[in-house]
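**Q** To start, I am sharing the structure in question, which I have written as structure tokens.
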Amino acid sequence: MTPPSFAPAGERAAPATIVEIADACGVSTASVSRALNGRSGVGAATRERILGVARELGYTPDSRARALVTGRVPFIALVLPDITNPFFPAVARGAEEELQGAGHSLLLINTGWSPERLRQSFELISGNHVGGLLMAVPLDGVGRELSQWEKFEGSIVMVGRAVPRGSRLNAVLVDTRYGGWLAGRQLCKAGWREIAYLGGPEKDRVSRDRLGGLHRALDAPGSEARLTEVVPGDWTLEGGQRRALALLQSRRPPDAIFAANDLIALGVARAAAEAGRSLGEDLGLVGYDDIDAVRFLEPPITSVAQPKLEMGRRAARLLLSAIADGVREQRDRLRPELMIRRSCGASRDALESRVPAEDAR
């Protein structure tokens, strides 16, 4: 039997391999593999000896090799459009908590809104490098050659993004129109009358749905508010600042703005300061997502809160179930809630109040 080798003092030994464990125990590599993977075909005493030597040599399982043996890919990918947006790491945390309990690891893919990076995520799943995709990136308009739903339907769950028309993908969805309605209703109740909407890209269904909810609130009987401007753009703070400043410096500026996400809302806050407008006093503002930053601004920003952690947890749970049981077209629907703060004109004595998701329209 070949004795195990040790690294010189002060140096760390390289991880042991199955071959080295087999040599140290005087057994075949097949026996080592069976013992390490808990399979039959090796005696109890031999199994214990193999496991003991593996511990002594610091053996670490190679997840890729184990996947070849068990047929189970240990990685699930969460595909994000913008890792710098604090909304998405919160979703990732929820997904990771759920996946860890099931023995999977989470791989983050940041596309930066790049079609090529999105293409690479599909290559990962088609090459069996990941077991499934949690997709927080819109897929409308990407083309059949990129999506290939018929091949991946059971291994993709949309997270907070609309399911592309004609596909049978599973999804965890948030009632975005309801969120837009909550924002619009609050601006109306607070007495704002000239309201502008700073949205995401013009063709983005999430942005259009939030605008649809705003329309419904402003068109309600008794409403005295009107929509003065709809300004599409990107989802960034910088883009929000540029668009908001142009609005506030125009001949007929709005007295309130609904921002389609909180990064845009933070940009509006910057623009308001530059234009000499005071949030909550001569400019109302509501954002969307309820990231931490909006709570710590002065004044804090009213925002539509999405259940970020729960979205990640449910999406991971649904994906694992779909992979195991072949589930198709399951839609898990959640509702947002409104966190009312001073940016929309709430009392300075009320730091924050909450409109729960259970409140029906």
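Residue-wise test of (1) touching a Lys or Arg at 6+ places or on another chain (Cβ under 9 Å); (2) over 30 Å from Leu124 (Cβ atoms); (3) modelled with pLDDT under 55; (4) outside any loop (DSSP other than H, G, I, E, B).
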site	(1), (2), (3), (4)
Ala9	no, yes, yes, no
Thr46	no, yes, no, yes
Arg49	no, yes, no, yes
Thr60	no, no, no, no
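**Q** Return the only residue of Arg313, Arg317 being modelled with pLDDT under 95 and in a helix (DSSP H, G or I).
**A** Numbers: Arg313 fails: modelled with pLDDT under 95.
Arg317 is the lone residue from the list that is modelled with pLDDT under 95 and in a helix (DSSP H, G or I).
**Q** For Ala260, indicate whether it is of a type in the set (Gly, Ala, Ser) and closer than 17 Å to Gly200 by Cβ. Before you say what the answer is, go through the steps one by one.
**A** Numbers: of a type in the set (Gly, Ala, Ser): yes; closer than 17 Å to Gly200 by Cβ: yes.
So Ala260 passes the test.
**Q** Take the conditions farther than 18 Å from Ala305 by Cβ, basic (Lys, Arg), crowded, with 21+ Cβ neighbours inside 10 Å and outside the structural domain of Phe88 (by TED's automatic domain parsing) and apply them to Arg251. Does it pass? Steps first, please.
**A** Numbers: farther than 18 Å from Ala305 by Cβ: yes; basic (Lys, Arg): yes; crowded, with 21+ Cβ neighbours inside 10 Å: no; outside the structural domain of Phe88 (by TED's automatic domain parsing): yes.
Spelling it out, it is not the case that Arg251 is farther than 18 Å from Ala305 by Cβ, basic (Lys, Arg), crowded, with 21+ Cβ neighbours inside 10 Å and outside the structural domain of Phe88 (by TED's automatic domain parsing).
**Q** Exactly one condition in (1) surrounded by fewer than 23 Cβ atoms within 10 Å (Cβ to Cβ); (2) within 19 Å of the chain's Cα centre (by Cα); (3) at pLDDT below 95 is false for Leu237; which is it?
**A** (3)
**Q** Scanning region 160-178 for residues that are free of Cβ contacts under 8 Å to residues at least 60 places away in the same chain and either in contact with a Phe, Trp or Tyr (Cβ under 7 Å, 6 or more places away or on another chain) or basic (Lys, Arg) (or both), which turns out surrounded by the fewest Cβ atoms within 10 Å (Cβ to Cβ)?
**A** Looking at residues that are free of Cβ contacts under 8 Å to residues at least 60 places away in the same chain and either in contact with a Phe, Trp or Tyr (Cβ under 7 Å, 6 or more places away or on another chain) or basic (Lys, Arg) (or both), I get Arg165.
**Q** Does Ala183 fit the bill of being touching a strand residue (DSSP E or B) at 6+ places or on another chain (Cβ under 8 Å), crowded, with 19+ Cβ neighbours inside 10 Å and not assigned by TED's automatic domain parsing to the domain that holds Pro164?
**A** Values: touching a strand residue (DSSP E or B) at 6+ places or on another chain (Cβ under 8 Å): yes; crowded, with 19+ Cβ neighbours inside 10 Å: yes; not assigned by TED's automatic domain parsing to the domain that holds Pro164: yes.
Yes.
**Q** Can I ask one more? Which of the helices (runs of 4 or more DSSP H) contained wholly in region 170-281 include at least 2 residues that are within 24 Å of Arg295 (Cα to Cα) and among the polar types (S, T, N, Q)?
**A** Values: elements: 176-189, 205-218, 237-248, 262-275.
Answer list for region 170-281: 176-189.
**Q** I'd like the residue in region 185-237 that is touching a Leu at 6+ places or on another chain (Cβ under 8 Å) and among the hydroxyl-bearing types (Ser, Thr, Tyr) and, out of all such residues, is nearest to Leu139 (Cα to Cα).
**A** So the residue we want is Thr236.
**Q** What are the pairs, 6+ residues apart or on separate chains, where a residue within region 319-333 that is at positive phi has its Cβ under 9 Å from a residue that is part of a helix (DSSP H, G or I)?
**A** From region 319-333, the pairs are Gly326/Gly154; Glu329/Glu153.
**Q** Another question about this same structure. Being assigned by TED's automatic domain parsing to the domain that holds Asp289, under 22 Å from Pro300 (Cβ atoms) and without any contact (Cβ under 8 Å) to a residue 60 or more places away in the chain is the requirement here; does Gly191 meet it?
**A** Numbers: assigned by TED's automatic domain parsing to the domain that holds Asp289: yes; under 22 Å from Pro300 (Cβ atoms): yes; without any contact (Cβ under 8 Å) to a residue 60 or more places away in the chain: no.
In short, no.
**Q** Restricting region 82-105 to residues that are free of Cβ contacts under 8 Å to residues at least 60 places away in the same chain and not in a helix (DSSP H, G or I), which is farthest from Asp204 (Cα to Cα)?
**A** Step one: list which residues in region 82-105 are free of Cβ contacts under 8 Å to residues at least 60 places away in the same chain, which gives 83-84, 88-89, 100-101, 103, 105.
Retained after the next criterion (residues that are not in a helix (DSSP H, G or I)): 83-84, 103, 105.
Values: Ile83: 18, Thr84: 19, Gly103: 35, Ser105: 30 Å.
Within region 82-105, the match that is farthest from Asp204 (Cα to Cα) is Gly103.
**Q** Somewhere in region 142-149, is a residue surrounded by 14 or more Cβ atoms within 10 Å (Cβ to Cβ), touching a residue at least 40 places away in the same chain (Cβ under 8 Å) and not in a strand (DSSP E or B)?
**A** Among the residues of region 142-149, not one is surrounded by 14 or more Cβ atoms within 10 Å (Cβ to Cβ), touching a residue at least 40 places away in the same chain (Cβ under 8 Å) and not in a strand (DSSP E or B), which makes the answer no.
**Q** Within region 99-124, count every residue that is hydrophobic (A, V, I, L, M, F, W, C) and in contact with a Phe, Trp or Tyr (Cβ under 8 Å, 6 or more places away or on another chain). Don't jump to the end; show me each part of the working.
**A** Within region 99-124, the subset hydrophobic (A, V, I, L, M, F, W, C) is 99, 102, 106-109, 113, 118, 122, 124.
In the following step, the residues that additionally are in contact with a Phe, Trp or Tyr (Cβ under 8 Å, 6 or more places away or on another chain) were identified as 106-107, 122.
Number of matching residues: 3.
**Q** Here is a follow-up. Return the residues of region 184-232 that are touching a helix residue (DSSP H, G or I) at 6+ places or on another chain (Cβ under 7 Å), over 26 Å from Pro164 (Cβ atoms) and small (Gly, Ala, Ser); say none if nothing qualifies.
**A** Residues satisfying the conditions are Gly184, Ala190, Ala196, Ala217, Ser223, Ala225.
The values are calculated or read from the model by the stated rules, or taken from the named source; none is laboratory data. The shown structure was predicted, so the numbers you read here are calculated from the model rather than taken from an experiment. Cβ: placed from backbone, ideal geometry, glycine included. Neighbour counts: every protein chain shown.
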